[in-house]
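What follows is a short report on a single structure.
The values are calculated or read from the model by the stated rules, or taken from the named source; none is laboratory data. In this text, all values refer to a predicted model and were calculated from it rather than measured experimentally. Cβ placement follows ideal geometry from the backbone for every residue including glycine, while neighbour counts extend to all protein chains displayed. Only protein heavy atoms, including side chains, enter the accessible area calculation; ligands, DNA and RNA are left aside. Shrake-Rupley method; radii C 1.70, N 1.55, O 1.52, S 1.80 Å.
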Amino acid sequence: MDTRRFKSFVVIVDTGSITRAADILHIAQPALSQQLAALEEHFGTKLLIRSQQGVVMTDAGAEVYRHAQIILRQMEQARADVTAAGKHLAGRVSVGLTPFSSAATLSFELLAEMRRRHPGIVLHLTESVGQTYSQMLMNNRLEIALIHGAGPMKGVRFDPLLREDFYLVAHEKFGIEAGDTPVPISALEPLPFLMPPAYNFVRRAVEAAFARSRANLTVIGEVEVIRTLTRAVGSGLGATIMPKAVADRIVSEGAGPTICRSISPRIEETLSLCVSEFAPLSEPALAVQELLRELTERLRQ
């Protein structure tokens with residue numbers, strides 16, 4: 001099997017179009033179609049369904065896509081291992097750090113420390129609200145992810161690392177006083193909130209807590225960018241509820257006078273280190289995994 005066919009298939013799926021894939025791969029479209037036909041002939045089944053809107057994987061195509069990612073990563077790692085034989089760890093490692101969590105505060109430290117320890121490892125970091133990291137792990141688009149939740153989930157191995165407490169962050173103008181005692185959720189009903197989109201894990205946890213307390217959560221805006229959220233909360237546009245590490249970042253980086261308080265009943269979620277059950281980690285990925293454990297352990301202190 002020519003691995004170039006696997007690469008072409010992955011690019012076709014990722015772009016959703018044979019035409020766009022041909023442009024990216026610098027291959028004539030008829031030649032790319034022939035590669036796809038040869039791949040389908042090899043497996044004896046249809047892998048993609050074509051339409052005017054693009055291409056969609058069949059169930060068989062999804063399996064080929066998953067295995068193709070593993071094979072291509074192994075080939076890439078083999079080249080890196082040969083180049084670095086007897087020298088140091090080298091290769092590319094893809095890591096997903098879920099936004100609006102302690103994981104998102106580790107990205108710079110992860111890059112800097114990995115550069116210091118293993119300069120031959122190239123980190124590909126993803127922080128995206130709109131992508132499902134568990135699915136990306138199963139499709140081998142990611143090797144490691146720090147995500148909310150403790151599983152179980154078929155195809156993904158969860159290793160819970162810490163519990164994140166959620167905190168209120170609000171401008172002083174909303175009348176929330178500084179203090180060590182938790183703020184009752186019932187007292188937060190009058191506040192306008194800025195939150196992640198409804199499908200985000202943090203948003204769902206906050207909504208569930210308000211529902212259990214029979215309180216209304218008034219969301220006036222949905223924000224996916226921490227920097228924008230920080231500016232909006234600091235200017236008094238609205239309050240927010242975030243895991244403690246993110247709440248501290250909003251307070252420290254914001255310009256306005258803000259109050260950070262714990263909440264009652266307590267809102268908390270598990271942050272887990274996740275890998276695929278199907279694909280073993282490469283040596284560089286194992287090194288990244290170990291460093292992520294170290295950095296996450298520091299958040300406990």
Of the conditions (1) without any contact (Cβ under 8 Å) to a residue 60 or more places away in the chain; (2) farther than 16 Å from residue 193 by Cα, the single one that residue 256 does not satisfy is (1)
Within region 62-91, considering residues that are over 18 Å from residue 21 (Cβ atoms) and either of a type in the set (S, T, N, Q) or in contact with a Pro (Cβ under 8 Å, 6 or more places away or on another chain) (or both), the one surrounded by the most Cβ atoms within 10 Å (Cβ to Cβ)
91
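Of all residues in region 142-158 being assigned to a strand (DSSP E or B) and open to solvent by 50 Å² or more (accessible area, probe 1.4 Å), which is modelled with the lowest pLDDT?
153
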Just one listed residue, out of 10, 64, 95, 56, is assigned by the TED database to the domain that holds residue 292 and either among the β-branched types (Val, Ile, Thr) or at positive phi (or both), and it is 95
Just one of 283, 277, 268, 297 is touching an Asp or Glu at 6+ places or on another chain (Cβ under 6 Å) and among the acidic types (Asp, Glu); which is it?
268
Among the residues that make up region 258-275, is at least one of them assigned by the TED database to the domain that holds residue 124, closer than 30 Å to residue 83 by Cβ and more than 18 Å from the chain's Cα centre (by Cα)?
no
Inspect region 197-204 for any residue being of a type in the set (S, T, N, Q), loosely packed, with under 14 Cβ neighbours inside 10 Å and outside any helix (DSSP H, G or I) and give the result as yes or no.
no
Hey, among the residues in region 109-128 that are among the β-branched types (Val, Ile, Thr) and open to solvent by less than 80 Å² (accessible area, probe 1.4 Å), which one's nearest to residue 286 (Cα to Cα)?
121
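Conditions tested, residue by residue: (1) among the polar types (S, T, N, Q); (2) outside any loop (DSSP other than H, G, I, E, B); (3) under 19 Å from the mean Cα position of the chain (by Cα).
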{"site": "75", "(1), (2), (3)": "no, yes, no"}
{"site": "96", "(1), (2), (3)": "no, yes, yes"}
{"site": "115", "(1), (2), (3)": "no, yes, no"}
{"site": "128", "(1), (2), (3)": "yes, no, yes"}
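Scan region 176-193 and give yes if some residue there is of a type in the set (Asp, Glu), open to solvent by 50 Å² or more (accessible area, probe 1.4 Å), under 30 Å from the mean Cα position of the chain (by Cα) and over 30 Å from residue 289 (Cβ atoms), otherwise no.
no
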Counting only residues that are of a type in the set (A, V, I, L, M, F, W, C) and part of a helix (DSSP H, G or I), which one in region 250-291 is most open to solvent (accessible area, probe 1.4 Å)?
286
Output for region 7-61, where each listed residue is in contact (Cβ under 8 Å) with a residue 40 or more places away in the chain, part of a helix (DSSP H, G or I) and open to solvent by 20 Å² or more (accessible area, probe 1.4 Å):
7, 13, 42
When residues of region 98-113 are filtered for being touching a residue at least 40 places away in the same chain (Cβ under 8 Å) and assigned to a helix (DSSP H, G or I), how many remain?
8
Exactly one of 214, 227 is open to solvent by 10 Å² or more (accessible area, probe 1.4 Å) and not in a loop (DSSP other than H, G, I, E, B), and that one is 227
Test result for residue 189, over 30 Å from residue 69 (Cα atoms), in contact (Cβ under 8 Å) with a residue 60 or more places away in the chain and acidic (Asp, Glu)
no
Within region 164-175, can you find the residues that are of a type outside the set (A, V, I, L, M, F, W, C), under 30 Å from residue 150 (Cα atoms) and open to solvent by less than 40 Å² (accessible area, probe 1.4 Å)?
164
One residue from 294, 253 being assigned by the TED database to the domain that holds residue 93 and either more than 29 Å from residue 171 (Cα to Cα) or of a type outside the set (Ser, Thr, Tyr) (or both)
294
